[in-house]
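Reading through the structure tokens given below for one structure.
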Amino acid sequence: MSETATSNGTIAVAKPQLNQLNSDGHLRYGKMLIDGEWVEAADGKTFDAIYPGTGETIAKVASAGKEDVDRAVAAARRAFEGGDYKKMNGADRGKLLWKIADLMEQNIDELAELETLNNGKPLLESRRVDLPQSINCFRYFAGWAGKVSGQTIETDMNMRALAYTLREPVGVCGQIIPWNFPIQMATWKIAPALACGNTVVIKPAEQTSLSILRLGELMQEAGMPAGVVNIITGDGPTTGAALVAHPDVDKIAFTGSVEVGKLIMRTAADSLKKVTLELGGKSPNIIFADANIEFAAKVALSGIFFNQGQMCTAGSRILIEEAAREEFMEVLAGRAAKMVVGDPLDPKTRMGSLINEEQMNRVLGYIQKGTDEGANLLVGGERVGENGYFVTPTVFDRVKNEMTIAQEEIFGPVASVITFSDIEEAAAIANGTRFGLAAGVWTNDLKKAHLFAQKVKAGTVWVNTYNMTDNALPFGGYKDSGFGRELGQASLDAYTQIKTVLVDLN
Ligand code: ADP
């Protein structure tokens with residue numbers, strides 16, 4: 001147990017109990033899954049996986065180079081064009097997806113611990129939210145396998161022609177995911193791709209490969225034919241870029257930063273790949289004075305502080321109507337000040353560590369900027385301890401929408417509270433960033449709620465709640481938050497293409 005006394009008190013972080021250690025003292029996740037085999041990188045390169053709670057290295061992960069990416073794509077192509085996978089019908093693929101979900105459920109404690117070990121999020125969240133959602137994602141898409149079909153379409157040729165469409169898989173899908181919800185992001189991408197009959201080469205974020213490698217083992221145990229899902233580990237500029245540039249990849253599904261999203265789109269243009277992008281956000285959570293203010297404040301807290309604020313949907317701009325400001329701030333600030341960050345592996349901890357030192361410094365830099373630009377730092381704003389990357393829940397009051405902390409995605413536990421006086425002003429502020437991923441609106445006035453849902457430019461609008469996702473509901477962005485939808489029936493569009501067949505009956 002390492003303890004560090006700070007001005008914010010003491011944080012005690014237990015050393016992780018690592019089972020199944022290799023002789024070198026690391027977890028066994030040094031290989032990646034290519035063509036049904038667990039292999040090291042061709043050039044033997046590795047990189048460190050760390051436990052953010054203490055900053056210590058817990059695994060040496062294979063660093064895939066171009067040669068490894070080529071092998072993975074070739075395997076995915078072979079699996080797509082023929083072999084056991086091609087012989088599976090929709091029901092078979094559905095059974096496979098369901099089996100993966102069952103195996104994840106049987107191994108849920110281990111997967112949740114791995115997720116926390118590699119990401120620093122509280123075990124409580126990994127175990128109760130991320131894993132159940134991921135398991136259900138496989139089950140949701142198991143139901144779609146074999147049910148994705150085309151249409152017969154009447155034409156001007158009356159009965160002299162028969163026209164119909166076939167819904168076919170896109171082919172080899174390259175999938176690049178971020179570190180904030182590793183296993184969940186992996187399942188959001190793998191499950192619909194397989195339901196539609198595609199094959200996959202997935203690259204986890206370099207910070208968080210472990211739970212996805214374990215998922216790969218479970219997929220094999222479930223009977224996944226070789227080459228259908230390949231997991232290549234490595235960084236963005238080498239491994240990710242090689243996947244995006246590869247001429248034999250048909251589609252790239254990406255979740256991550258706006259900057260990398262743009263880069264991917266440019267590179268993908270050369271081989272005209274289909275691209276879907278789920279990028280950042282600076283989501284407004286708007287509370288009208290007629291709402292249940294206390295409840296709205298409580299949910300606004302989890303809307304920004306869940307996962308240490310490292311969420312693309314983080315409700316990082318809290319818009320409160322002037323008339324309810326005082327009541328709201330009392331609850332928000334009072335509760336935020338009482339939230340404690342703690343040992344991620346302690347089952348009672350509600351807020352854990354940020355992903356790494358770089359991210360922590362980025363967040364602290366934004367906090368400094370908020371103060372420099374004249375926002376009122378009401379709660380928090382500090383690092384806790386010297387081990388790991390813990391930052392206190394932070395609330396800025398009297399924020400102006402043009403300030404940096406209201407415009408840029410911080411990806412950390414920093415709430416910016418902005419005041420408004422009517423619905424028009426609220427809508428202007430809500431829409432006044434380059435992003436458009438999500439929004440929350442709190443009111444007991446039905447008309448106002450629906451009107452606001454129409455006015456706000458965001459891919460998801462929550463009314464009297466925040467951050468509730470469901471595998472059946474389409475998720476994605478407006479504006480710089482990207483395009484294409486994940487989850488729900490809408491995601492099937494991103495993983496299929498339509499072929500028109502016309503039969504001349506003359
Ligand atoms: P973050 O800033 O949250 O780490 P990134 O957009 O940098 O977000 O990373 C998201 C994912 O994109 C990660 O898997 C990362 O390795 C990958 N990535 C980063 N740069 C590139 C790139 N040039 N080409 C392809 N993938 C990349």
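The values are calculated or read from the model by the stated rules, or taken from the named source; none is laboratory data. Keep in mind that what you see is a predicted model, and the values were worked out from it rather than measured. Reconstructed Cβ throughout: ideal geometry from the backbone, glycine too, with neighbour counts over all protein chains shown. When the accessible area is computed, the model is the full protein with side chains, heavy atoms only, and any ligands, DNA or RNA have been set aside. Shrake-Rupley method; radii C 1.70, N 1.55, O 1.52, S 1.80 Å.
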Give the long-range amide H neighbours of residue 315: residues separated by 5 or more places, or on another chain, with amide H under 5 Å away, using H modelled in the peptide plane at 1.01 Å from N. 304
Which value in Å is the Kirkwood Rh of segment 420-474 over different Cα pairs? 11.8 Å
Within a Cβ distance under 12 Å of residue 173, other residues only, what is the Lys/Arg minus Asp/Glu net charge? +4
Quick check for me: using +1 on Lys/Arg Cβ and -1 on Asp/Glu Cβ, what's the dipole size of the chain about its Cα centre, in debye to the nearest 20? 960 debye
Work out, step by step, the length gained on full extension between residue 338 and residue 81: first 0.36 nm times the residue separation, then minus their alpha carbon distance; give nm to one decimal. 86.8 nm
Sort 317, 139 by accessible area with a 1.4 Å probe, largest first. 139, 317
Over the chain, with the other protein chains present, what is the accessible area per residue in square angstrom, probe 1.4 angstrom? 40 Å²
Heavy-atom accessible area of residue 451 with all protein chains present, probe 1.4 Å, nearest 10 Å²? 80 Å²
Among the listed pairs 31/99; 45/66; 298/455; 31/66, give every one whose C-alpha distance is greater than 21 Å. 31/99; 298/455
One quarter of the convex hull surface, Cα atoms only: what value does that give for segment 55-205 in nm²? 12.0 nm²
The correct ranking of 462, 98 by accessible area at 1.4 Å, largest first, is 98, 462
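In the chain, what % of DSSP beta bridges are antiparallel (nearest 5)?
50 percent
Taking 0.36 nm per intervening residue step and subtracting the Cα-Cα distance, what contour gain separates residue 155 from residue 266 on full extension?
Roughly 36.2 nm would be gained on extension.
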Carbon plus sulfur, as percent of the 1.4 Å-probe accessible area of segment 189-324, comes to 57 percent
Against the 2.2 N^0.38 Å rule of thumb, the C-alpha Rg of segment 94-138 sits at a ratio of 1.13
Amide H contacts of residue 378 (H built 1.01 Å from N, under 5 Å, at least 5 apart or other chain): 395, 396, 397
Roughly how many whole Å is it from the C-alpha centroid of segment 229-249 to that of segment 92-112? 26 Å
Quick check on segment 20-279: of the DSSP beta bridges with both residues there, what percent are antiparallel, nearest 5%? 40 percent
How do 435-442, 248-255, 394-401 rank on mean C-beta neighbours within 10 Å, highest first? 435-442, 248-255, 394-401
When all alpha-carbon pairs of segment 360-477 are counted, what percent fall beyond 20 Å? 50 percent
Restricting to DSSP H runs of at least four residues, report the calculated mean residue ellipticity at 222 nm for the chain, -39500 (n - 2.57) per run over all residues, nearest 500 deg cm²/dmol. -10500 deg cm²/dmol
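Can you run the Rg to Rh ratio on the chain? Use alpha carbon positions and the Kirkwood inverse-distance Rh.
0.99
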State whether segment 284-471 is rounded, prolate or oblate according to the following rule on the C-alpha gyration tensor (a ≥ b ≥ c being the square roots of its eigenvalues): a/c under 1.5 gives rounded; otherwise a/b larger than b/c gives prolate, and the remaining case gives oblate. prolate
How large is the Kirkwood hydrodynamic radius of segment 190-329, in angstrom, based on all distinct alpha carbon pairs? 18.1 Å
Dipole of the chain, positive end: most advanced residue of 11, 463, 52 [Cβ charges, Cα centre]: 463
For segment 20-279, average projected area of the Cα convex hull in nm²: 15.3 nm²
Of 411, 388, 375, which is farthest along the charge dipole of segment 371-436 in the positive direction, counting Lys and Arg as +1 and Asp and Glu as -1 at C-beta? 388
Can you give the accessible area of residue 404 in Å² (nearest 10), computed on protein heavy atoms with a 1.4 Å probe? 20 Å²
Rounded to the nearest 10 Å², the accessible area of residue 85 at probe 1.4 Å: 10 Å²
Using modelled backbone amide H atoms (1.01 Å from N, in-plane), which distant-in-sequence or interchain residues come within less than 5 Å of residue 12's amide H? 343
Please identify the helices of the chain, taking whole runs of DSSP H, that span at least 15 Å along their own axis as judged from the Cα atoms and have a mean Kyte-Doolittle score of -1.0 or higher. 66-81, 90-106, 108-119, 131-144, 182-195, 210-222, 258-270, 293-305, 325-338
For 450, 246, what's the largest-to-smallest order of accessible area, 1.4 Å probe? 450, 246
